[in-house]
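Let me begin by presenting the structure, written as C-alpha cells, before commenting on it.
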Amino acid sequence: MKRFRRHGQESHRDRIKQELYGFNKTVEHGFPHQPSALVFSPSLQLLAIGTRSGAIKLYGAPGVEFMGLHDENAAVTQVHFLPQQVDLVTLLDDNSLHMWTLRAHQGVSELLEIGRFTLTGPPGAPPSVTRVTAVLTHSSGDLLFLGTEGGHVFVVEVPGFRELEERNISLENVTNSLPEDYGGRRSLEHVESLQENPVNPRQVLIGYGRGMMVIWDLERQSAVKHIPATQQLESVWWTEDGGHVLSSHSDGSYCRWMVAGEGTQSEQEKSEVPYGHFPCKAISKIIQLPTEQGPPFLFLSGGMPRASYGDRHCISVIHSKTHVALDFTSRIIDFFVIRDGPDHTGDPSALVVLVEEELVVIDLQTEGWPVIQTPYLVPLHCSAITCSHHVSAIPLKLWERVLSAGALQNTHYSKKPWPITGGQNLSPDAPQRDLLLTGHEDGTVRFWDASGVCLYPMYKLSTAGVFLTDAEPNDNMNQGTEGEWPPFRKVGCFDPYSDDPRLGVQKIHLCKYSGYLTVAGTAGQILVLELNDEAAEQTVEATVADLLQGQEGFRWKGHTRLEVKEEPVMFPPGFQPFALVQCQPPAVVTALTLHSEWKLVTFGTSHGFGLYDYQQKNTVLVRCTLNPSDQLAMEGPLSRVKSIKKSLRQSFRRIRRSRVSLRKHHVNSAAKVQEANARLEAELAEMELAPVQRKIEARSSDDSFTGLVRTLYFADTFLSDSSHHTPSLWAGTNGGSVLAYQLRLPPVERRAEDPVSAHPAKEIQLMHRAPVVGIVVLDGHGSPLPEPLEVAHDLARSADMQGCHQLLVISEEQFKVFTLPKVSAKMKLKLTAIDGSRVRRVGVAWFGSSRSEDYGESGLTVLTNQGDLHVVSLPGVKLQVQYPCIRREDVSGIASCVFTKHGQGFYLISPSEFERFSLSARCVVEPRSLVEVPSQTPSTTLPRAQPDGPSVAHRNSTRATDDVEGSARRVMEHALLNDETTHDHPTARFIITNLTHGNCQSSLCVCGLTCSFLTAVLQEIQKSLEGYQP
Amino acid sequence: MNKNHRVPSNRTLGAVEVKSKFGAEFRRFSLDRSKPGRFDEFYRLLQHMHRIPNVDLLVGYADVHGDLLPINNDDNYRKAISVADPVLRLFLQRKEEADYSAFGLDSLTRPKKTVLAAMLLRPDANRKKPLVIISLPRDFRPVSSIIDVDILPETHRRVRLYKHGQEKPLGFYIRDGSSVRVTPQGLEKVPGIFISRMVPGGLAESTGLLAVNDEVLEVNGIEVQGKSLDQVTDMMIANSHNLIVTVKPANQRNNIVRSGGGGGAASGSSGHSSDSGTSFYGYSSPGTAVATTPAHIIQNFHPEELESDEDDEDLVIEVDGEAMPIPRTSSASCTIPFIPRYVPHLDLRTTNGALASHNRSGSLGTLSTADRGLEGRSLEEEGTVITL
C-alpha cells in the first residue's frame, strides 16, 4: 500500500517537474564566429551566412532568424539561394553540396537540410576535375552550374541533384571553340566565375582562372563570345543591361568589356588600376549597379597598393565624383548591395559587408553614407567580453532612461530603417524587459536588450574616462585628411585591443529600482554610478581600501593602481560615476554586491573584502582574509592560475602594443617583441610538457588563494538571535569559510550623518574546504529573500520574517542548508563526492509552471565544470533535473555562463556569440518566424501536393517539431507499405531526408539519383501520398 | 593520585557520581545514568563546572582497572558512564598542553606517573613486542583498512584511507591509462584511471595497500568508468576525509586465495589490467615480484583487539551515510584506549561540517583550529604487520 502511494507521489512530482523544467538551446546572439560565406536573396529579403564550423544562419527582419548545422565538420565556402525560392545551396570545403529549405510547419518556418550531393567525375579522373570552385544557380530555379578546378562546368538539376551529363560544358569543348591564336593553347585553369546573362538566361559566362572568359549558349551548346583578358581573373560582373562585362584581376586592375555586339571576340572598353602606379593587390570582387538617373555605383573590394596599404581591408565605393575607400576592421569575407524598388531593381540603397568580425551596413542614399546600426549580428566582442550580468524585469522608467541615454550615443548612425526585411517575426512580445550587461576588456559596459530574440545594443558605458591612461583618445582613428589617397574612411567598431588591461571590467551589479550601478575591474577599482539624464562635470574622488590590514611580509608584484584624473571630468548623460574605491593591493575584484536600500557596496579580492558606504563615501569595514602562508596570492594578479589562452592573448597584445609604440618610442621595441615571443614559446612548451597526472590531496588551510573572496551577499535576517532580524553581510572564500557581519544602519533620517557599522558575528569553516560560490538566505517559507527595494516597489512578496530563516551555502562541491540564527547543519546535497563534477555557476531562479499560471517554485540553477546544467529545489536542496549543455572542454564557455532570474541563461559559444538557453518550461525565448515562398514562383519540376489538405498521414503530427525528420520517415514508410504497386525497384536507393507532414506538402530529396526511372518513382510516391487525402 | 577508593556496593542505579579534576581543582557532580546525554553537552558541562568556558580540554577517566582512558565522543562517553562504579573519576587537561606533550612521551608521563602507568594500554601478557615500541595509545587509530573483502572479487581490493586532521598527506597521484577488459566481443581496450605516483612518506605509501599502476575502479562506491581524470580527482578530493578506493592492483600475485583456486596467477580471468606502465609487473618474473613486494597490509590493530568489539560501542558515526558496510576494523578502534581528537570525534565534525566548530563556541576564535601537530613518525615502525 505504502509503496503504491509513494509511487503515486513520485509520478505526481515527475509531472510537476515536467511542467516546470525543460531544457532548450533557443537562439544564438551575436556575431557568428569565423564566418566564411555570405549571400542575399533579394526576393526573400534574407541574408545567409556560412561559417567555418559548418553552420548556416539566415537573417531577415529583426527577430527572423534561422540556423542550421551541417553534419560534416567542414567550412561553408559558398552559399547560394535558388532564385525566387526558399531553397538554398551550400558548398562545403569537403566539396559536398547541400540543399536547404525553409519549410513551414505549424505556422513557423524551419530551416531543414533536404539533400546532399557530391560531384562524381569519370572513373580515374583526378579529384581536381570535380573540385567545385564556382556555383551558379540559374534563374530558372532548377539548374545548378558547377565550375570546377579542372575547368569543367557540370550541370545539375535541383532540388534533386540529378546530374545532366549531356549538358555539361567540358573544358575541351571550350578550348576547341577558342581562336587558334589564344595564348598558345595553354590551359585555361579552373573556373573562377560563372555568371548568367541578366537579360538572356540562355547565356552563361564562364570565367577561367587564367583570365579567359567565354560566353556559352546553353541551348546551342556552343561558345558565343570570347573575352580575352590576360590577367589572373578574380571576379566577373555582368551589367544589368547585359551589354557589358566587368572583370577584376589579381594585379589590382579591372576591365570593362563590350559584349552586346556581334562578333565572337569582345572589345575591351576600359582597363584601369584604380590605386595604380605601384603594384596593387587583387580586386577580389566587383559590382556595378545603375541608378535611375545619373552615373552608376561601382563597388570594388581590395585593390590597395601592395606596399603601403596592403594590410588594409577595403571596399571602394565610386559614385560619380564621390570615391570612398571604406576601411574595415578585419578581413572582408564578402559583400552585396541591396536595391530599392518592389522588384529590387532600383537604385542601390545599402551596402552590406561581412567582415571576419562584424557585419557593416552602409546607407548609400543618405549624404555621407552613414552606417546603419544592425539589430542583430552585433559584434559582442568588439572588445573582449570579460564578464556579464543579467537583470530581469526592468522597470519601464529605467528602461526608457537607458534607451534615451543610448540614443544620444548613436547619433552618427543612419536614420534609415534596417534594410533587410524578409520573413515575419511571429514570436510573441517579450513578457518583460530584460537587460544583459557585458563588461569588456577596455573598461566599457554594454547594455543589451535581452528581452527577445534579438540582442539589441542599448547603451554603452565607458569607465576609462575616470582614469589616466597612456592612450590618447582616438589616436588610431586617423580620420582621412583632405586629399589623402586612397580616400580612407574607417568603418566598424571591432577593436579588440585594449589600451590598458587594468581597465577590464570584472564584476557588475545593477539595481534596477534605483538605477545605481557598480562596476569593478581588474586593478581593484570599484566605481559606483548613478543614472543621470543630463551631462555633468564632476570630480570622482577615490577612496583607498587597504585590504592587507597590516599583514606583513607580502610583496605585490602585480600591476599598479589606476591613476585617477584629478580634474573634473565631463560625463555624458547616462550612468555617471560618483564614487570610487580602489583596493590595495590592486588585485582583480572577484566579488561585488550592491544594496541600494542600505546604500552599501561590498567588494572582494584575493586578499579580503570591504564594505563601502556610498552615501557617506567612506569605508565601513575592511577585512583581510589572507592566510599568512599564502605567498602566491600576494605576488600578482593570479599569475599562476591564469589560463593559457589569456596569456597567449596578452602576449599577442604585448606584441601589438610594442608595434604600436614603435612609432612613438623607437627604443628597444624589437627586443620587446622578441621577449614576448620567447615568453609565448615558453608558455606553449610548458603546456605541452605538463604530465597528465593529478595529485590527490585533501585541501588544507595552507592551500593557495584560500582567502580569495568568491561571493558576497547582503541579507536582512536573524543573525544573532531569533527575535530580531538585522541587516547582515556574508562573505564566502575560496578556502571554504563563510564570514558573517552584523550591520548597524542609522535610521533613515540620520542616514547621511550617523556612521554605519559592521560587527563580526559568525564564521563558518566548511569541513571540506571547497570554495564557497554562493550564499543565499531563505525566509520562513523557504524562498530566497527578495532583492533590495523589490518589496518596496510591490514587485515581490515581502520575506516571511516569522518562521525560521535558513542559510544556504553553496560550495563548489556541495549545497548545504544551515539553520539560523544558531548555525547547525540541516540538509545537504553532495555533488562532487558523487559524480566528480563541481559547481561553476549558480543562480537563484523562479520557475513558473507551464500548465498553471499561478504555480511556481524557486530553485537553484547550477552549471558544473562538466558543462551540465542542474536545477536544485529550494529549500529542500534536491536535484530536480540535469541536462548536458556545454562541452566540458569549453572552459571559457562555462566560465561565461550567466543565469537569469527566470530560468534562462547565456553563455559564450565563441568570443562573439552568446547561446541562449532555457531551463524553464514556461519562460522560453526562441525565434518563431515565417518565410513565405515569393509570389512569382516559377514552376518546379517536382509536383507539389496542395498545401493544407487534411491528411491521414497526419496522425502522429502532434509530435515536437524537432522530430520532423523521424516522423516524416515513419509517414513515408507507412505510405510505402500501403502502396505496393510502385517503386520497390531493388536498385532504387533513395533516402528521404525530409517530409513535412503537417500540410502534406512533400518535398523529396533523393541522393544518388542515377537511374532515370527515379523521377517516376518519386511521382508514384507523391501520388500515393496524395491518395490519402479524402 | 590514584586513590582508587572503591565505593562499596551501595551503588545508586540512577545517578553517576562524577569527580572531575582539572589542575589542582576538583569538582563533584552527578549525572543521570540512564540519560547520559551527548558528549558535547557533557563537555560543555565540564567547562561550565570548572568555569573554564574557553579552554579546550582533553577528558580522561579512570576505568575499573585504573587505566586512564579518553572521553572524546558519544560512544566512549557512554561507556565511561556505564562502567562508573559509581564514581566516575575524570582528569581534565588543557588541550594545548597535551598537544605540546604529544611530542614527547616523558613530558606527559612525568607529572602523572601514577596514572599513566595505566596508559600502557592493558597489562597484556600476550604482546610480544617490548613496551618501548608501543607508542602512546593516542597514536593508535585506524589509518587504512581493506574492506569488503568478502564481497569483492579477489582481483580487486577496496581500501579505505582515514585522513584525520591534517597530519599526513594522502600522498598519491593518478593518471589516465588504458586497461584491457574481457567482453563478449573479445578483448577490449578501455580507458582507465591508474595510480601514477606515490609520495614518499605519504599515507598511501605507508599503508602499502596501494601501489603505482593500480587501476582505480571506484571511489567511495561510485564507478569511475566514463569519468575524466579531473572528475575522478575531484571525487577523491571531495571524499578525502574518508576515502574508499577500489583498485585492481597491478601486482595480482598476492591475492588472497579464497576458493582454493590457483595461486597468485589466478587473476587473468576477470580481465588483466595492463598498459604500458603495468606491463612491467606483468612480465617480471613471479619469484622476484613476490619476494620483493610482499603484500603486507599494515594496520594499527593487534589481532586480539579485533576480537574485542563484542561490546556495543562500535556505532561508528559513518561519514555521510556511505553505502559501505561499517568496517569492523574501525569499530574495533573504539575499544582501544585513545586520546581525544581521533576518528569518532573527527567523523562527527566532518558530518556536521562547520557546525561542530560553531556549536562549541559561536565565536570567531575557534575557527578552524585544525587538528594538527601530529608527529611525522612512520607508522610502520609501531604498527603491527598483518600479512593476509
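General remarks:
Here's the yes/no breakdown for (1) among the small types (Gly, Ala, Ser); (2) modelled with pLDDT of 90 or more:
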| site | (1), (2) |
| --- | --- |
| A:ASP703 | no, no |
| A:THR711 | no, yes |
| A:SER728 | yes, yes |
| A:THR733 | no, yes |
| A:GLN765 | no, no |
| A:ARG769 | no, no |
| A:VAL776 | no, yes |
| A:LEU795 | no, no |
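- The number of residues in segment A:905-930 that are within 13 Å of A:LEU455 (Cα to Cα), at pLDDT 90 or above and either open to solvent by 20 Å² or more (accessible area, probe 1.4 Å) or among the basic types (Lys, Arg) (or both) comes to 1.
- For B:VAL180, the criteria (1) within 12 Å of another protein chain (Cβ to nearest Cβ); (2) touching a residue at least 60 places away in the same chain (Cβ under 8 Å) hold in every case but one, which is (1).
- Every condition in (1) among the small types (Gly, Ala, Ser); (2) more than 8 Å from chain B (Cβ to nearest Cβ); (3) in contact with a Leu (Cβ under 6 Å, 6 or more places away or on another chain); (4) surrounded by fewer than 18 Cβ atoms within 10 Å (Cβ to Cβ) is met by A:ALA799 except one, and the failing one is (4).
- The strands (runs of 3 or more DSSP E) located wholly in segment A:83-142 that include 1 or more residues which are among the aromatic types (Phe, Trp, Tyr) occupy A:96-105, A:108-118.
- Segment A:75-86: number of residues that are open to solvent by 10 Å² or more (accessible area, probe 1.4 Å) and in contact with a strand residue (DSSP E or B) (Cβ under 7 Å, 6 or more places away or on another chain): 7
- Strands (runs of 3 or more DSSP E) wholly inside segment A:279-364 that include at least 2 residues being under 23 Å from A:ARG52 (Cα atoms): A:283-289, A:297-302, A:313-319, A:332-339, A:348-355, A:358-363
- Odd one out for A:ALA450 among (1) touching an Asp or Glu at 6+ places or on another chain (Cβ under 7 Å); (2) at pLDDT below 90; (3) within 30 Å of A:GLU110 (Cβ to Cβ); (4) hydrophobic (A, V, I, L, M, F, W, C): (2)
- Candidate set: segment B:214-245, residues that are touching a residue at least 40 places away in the same chain (Cβ under 8 Å) and farther than 15 Å from A:ILE696 by Cα; chosen: the one farthest from the chain's Cα centre (by Cα): B:LEU217
- Only one of the numbered conditions (1) modelled with pLDDT of 90 or more; (2) open to solvent by less than 10 Å² (accessible area, probe 1.4 Å); (3) within 10 Å of chain A (Cβ to nearest Cβ) is not met by B:ILE222, and that is (2).
- Sole residue being within 10 Å of another protein chain (Cβ to nearest Cβ), surrounded by 18 or more Cβ atoms within 10 Å (Cβ to Cβ) and either without any contact (Cβ under 8 Å) to a residue 24 or more places away in the chain or of a type in the set (Lys, Arg) (or both), chosen from B:ARG175, B:ARG160: B:ARG175
- Restricting attention to segment B:183-195, the residues that are within 14 Å of chain A (Cβ to nearest Cβ) and either without any contact (Cβ under 8 Å) to a residue 40 or more places away in the chain or closer than 16 Å to B:ILE237 by Cβ (or both) add up to 3.
- Scanning segment A:116-142 for residues that are modelled with pLDDT under 90 and open to solvent by less than 30 Å² (accessible area, probe 1.4 Å) yields A:LEU119, A:VAL129, A:THR130, A:GLY141.
- Checked against the criterion of being assigned to a helix (DSSP H, G or I) and open to solvent by 30 Å² or more (accessible area, probe 1.4 Å), segment A:834-853 has at least one qualifying residue.
For (1) touching an Asp or Glu at 6+ places or on another chain (Cβ under 6 Å); (2) modelled with pLDDT under 85; (3) in a loop (DSSP other than H, G, I, E, B), each residue gets a yes or a no:
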position	(1), (2), (3)
B:ARG6	no, yes, yes
B:ASN10	no, yes, yes
B:SER30	yes, yes, no
B:VAL55	no, yes, yes
B:ASN76	no, yes, no
B:ALA80	no, yes, no
B:GLU96	no, yes, no
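- Close pairs (8 angstrom Cβ cut-off, 6 or more residues apart or separate chains): more than 16 Å from A:PHE714 (Cα to Cα) and within 14 Å of another protein chain (Cβ to nearest Cβ) in segment A:752-781, open to solvent by 30 Å² or more (accessible area, probe 1.4 Å) and at pLDDT 90 or above anywhere: A:PRO771/A:ARG710; A:PRO771/A:ASN734
- Within segment B:196-205, restricting attention to residues that are open to solvent by 10 Å² or more (accessible area, probe 1.4 Å) and either closer than 30 Å to A:GLU889 by Cβ or within 18 Å of the chain's Cα centre (by Cα) (or both), the residue that is nearest to the other protein chains (Cβ to nearest Cβ) is B:SER196.
- Among the residues listed as B:SER285, B:SER276, the single one being exposed (fewer than 15 other Cβ atoms within 10 Å of the Cβ), within 14 Å of another protein chain (Cβ to nearest Cβ) and modelled with pLDDT under 50: B:SER276
- Screening segment A:380-405 for residues that are part of a helix (DSSP H, G or I) and out of contact with any Gly (no Cβ under 8 Å at 6 or more places or on another chain) and picking the one that is farthest from A:GLY63 (Cα to Cα) gives A:LYS397.
- The residue of segment A:151-174 that is farthest from the chain's Cα centre (by Cα), among those that are within 20 Å of A:GLU234 (Cα to Cα) and open to solvent by 20 Å² or more (accessible area, probe 1.4 Å), is A:LEU171.
- B:LYS227 fulfils the conditions (1) open to solvent by 10 Å² or more (accessible area, probe 1.4 Å); (2) in contact with a strand residue (DSSP E or B) (Cβ under 9 Å, 6 or more places away or on another chain); (3) part of a loop (DSSP other than H, G, I, E, B); (4) more than 7 Å from every other protein chain (Cβ to nearest Cβ) except for a single criterion, (4).
- Whichever residue in segment A:818-828 is out of contact with any Phe, Trp or Tyr (no Cβ under 7 Å at 6 or more places or on another chain) and surrounded by fewer than 21 Cβ atoms within 10 Å (Cβ to Cβ) and, among such residues, is nearest to the other protein chains (Cβ to nearest Cβ): A:LYS822
- If you go through segment B:230-256 and keep only what is open to solvent by 20 Å² or more (accessible area, probe 1.4 Å) and away from chain A (no Cβ under 13 Å), you end up with B:ASN251, B:ARG253, B:ASN254, B:ASN255, B:ILE256.
- Residues in segment A:732-741 include at least one that is away from chain B (no Cβ under 12 Å) and in a loop (DSSP other than H, G, I, E, B).
- Considering segment A:505-563, and only residues there that are among the charged types (D, E, K, R), outside any strand (DSSP E or B) and more than 30 Å from the chain's Cα centre (by Cα), the residue that is farthest from A:LEU436 (Cα to Cα) turns out to be A:GLU552.
- Applying the set (1) within 14 Å of another protein chain (Cβ to nearest Cβ); (2) of a type outside the set (Val, Ile, Thr); (3) touching a strand residue (DSSP E or B) at 6+ places or on another chain (Cβ under 8 Å) to A:CYS804 leaves exactly one unmet item: (1).
The values are calculated or read from the model by the stated rules, or taken from the named source; none is laboratory data. The structure presented is a predicted model; accordingly, all values stated were derived computationally and were not measured. In this analysis, Cβ positions are derived from the backbone assuming ideal geometry, glycine residues included, and neighbour counts consider all displayed protein chains. Each accessible area value is taken on the protein alone, full model and side chains, heavy atoms only, with ligands, DNA and RNA left out. Shrake-Rupley method; radii C 1.70, N 1.55, O 1.52, S 1.80 Å.
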